[in-house]
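Novice: Let me begin by handing over the structure; questions about it come next.
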């Protein structure tokens, strides 16, 4: 008898990593079994907005591996740590904000590195003097004045 093949894992959470973490592939019953919960609990969490799965055309719920990890987190926080659902909602909200901020930092860091690498190829867009005057480019060419109140176009 051959040994069972194990799916490649990331983070040791036991979820197969052959699909993207946001690909909604699990039905309610499968996601519930993977998370160690009753399917009705998943429906309740959906109604409460804790874990909102994607929907099929027929309004069926489809959970992604990321959703299953979130369900496991909710279960651990509520059962092991004794945190109520409102506290869990706040923890998830803050965690999502942190994840978004870290992704933005990564984007900005990559942009800064790209700009630094091409610094020699960049020309100045404007020059600002200490008295507040702004010139277009490196030379003293005044910026075109935009029409404003009391100015002719």
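Novice: Residue pairs, Cβ under 6 Å, 6 or more apart or interchain, first in region 21-41 and touching a residue at least 12 places away in the same chain (Cβ under 8 Å), second in a loop (DSSP other than H, G, I, E, B). List them.
Specialist: 22/64; 23/64; 24/64
Novice: On to the next question. Among what's in region 47-62 and is touching a helix residue (DSSP H, G or I) at 6+ places or on another chain (Cβ under 9 Å) and within 20 Å of residue 85 (Cα to Cα), pick the residue that is surrounded by the fewest Cβ atoms within 10 Å (Cβ to Cβ).
Specialist: Our first condition is that a residue be touching a helix residue (DSSP H, G or I) at 6+ places or on another chain (Cβ under 9 Å); within region 47-62, this holds for 48-54, 60-62.
Next cut, within 20 Å of residue 85 (Cα to Cα) only: 48-53.
Working: 48: 13, 49: 10, 50: 19, 51: 24, 52: 14, 53: 21.
Filtering region 47-62 for residues that are touching a helix residue (DSSP H, G or I) at 6+ places or on another chain (Cβ under 9 Å) and within 20 Å of residue 85 (Cα to Cα), the one surrounded by the fewest Cβ atoms within 10 Å (Cβ to Cβ) comes out as 49.
Novice: Has region 30-46 got any residue that is surrounded by 19 or more Cβ atoms within 10 Å (Cβ to Cβ) and within 19 Å of the chain's Cα centre (by Cα)?
Specialist: For region 30-46, residues surrounded by 19 or more Cβ atoms within 10 Å (Cβ to Cβ) and within 19 Å of the chain's Cα centre (by Cα): absent.
Just so you know, all these numbers are worked out from the coordinates, no wet-lab data involved. All values derive from a computational prediction rather than experimental measurement. All Cβ positions, glycine included, derive from the backbone under ideal geometry; neighbour counts span all protein chains shown.
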